[in-house]
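Taken together, the values in this text are just the output of simple stated rules run on the coordinates, not laboratory data. The model shown is predicted, which means the values in this text are computed figures rather than measured ones. Cβ sites come from the backbone with ideal geometry, for glycine too, and all protein chains shown count toward neighbours.
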């Protein structure tokens with residue numbers, strides 16, 4: 001999620017473009033764009049959702065957070081927050097739209113990997129401190145999906161690499 005025209009707000013887009021170069025069978029990697037409604041069908045079809053976005057948590061720019069959208073205060077262990085609530089700059093609008101429109105099924109678990117922005121000014125490149133965090137964000141996203149795949153599915157079997165309409169999703173918004 002994010003806006004690639006606003007410097008660090010584009011962290012999710014930059015990460016998703018790198019993830020699209022990876023071989024991830026059974027995983028949909030999607031850049032939603034600024035139209036939040038376009039992401040709803042992906043959310044409805046997913047068993048898990050991973051959103052990568054700029055996030056405000058009050059820590060220094062470049063800090064990486066990982067938290068569940070429902071919790072908003074759980075972070076990546078290397079970057080604990082000082083008690084303030086975490087929030088992705090865009091993910092809540094996607095989740096709120098999903099809830100307002102009355103989904104056909106319950107919302108799947110949503111995990112957010114966020115990066116504290118240094119700049120939200122107009123610009124097509126990430127600030128140096130956020131650009132330095134990009135490789136770690138991609139690594140964390142891959143580790144998250146691998147962890148999800150190791151968990152038993154609802155039928156008690158481990159998830160396989162086969163294409164599955166209820167697979168994890170990486171999401172980005174431009």
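Exposure proxy for 65, 122: other Cβ atoms within 10 Å of each Cβ, ordered fewest to most, give 122, 65. Each of 139, 44 was scored by other Cβ atoms within 10 Å of its Cβ. Arranged with the fewest first, they read 139, 44.
Here each label is just a point 7 Å from Cα along the line to Cβ, and for residue 44 and residue 68 those points are 2.5 nm apart. Grouping the Cα pair distances of region 1-45 into 5 Å bins from zero gives a pair-distance distribution of 5, 21, 25, 24, 18, 5, 1 percent in increasing distance order.
Taking 0.36 nm per residue of sequence separation and removing the Cα-Cα distance, the residue 146/residue 125 pair yields an extension gain of 4.7 nm. The residues 105, 48, when put in order of fewest to most other Cβ atoms within 10 Å, stand as 105, 48.
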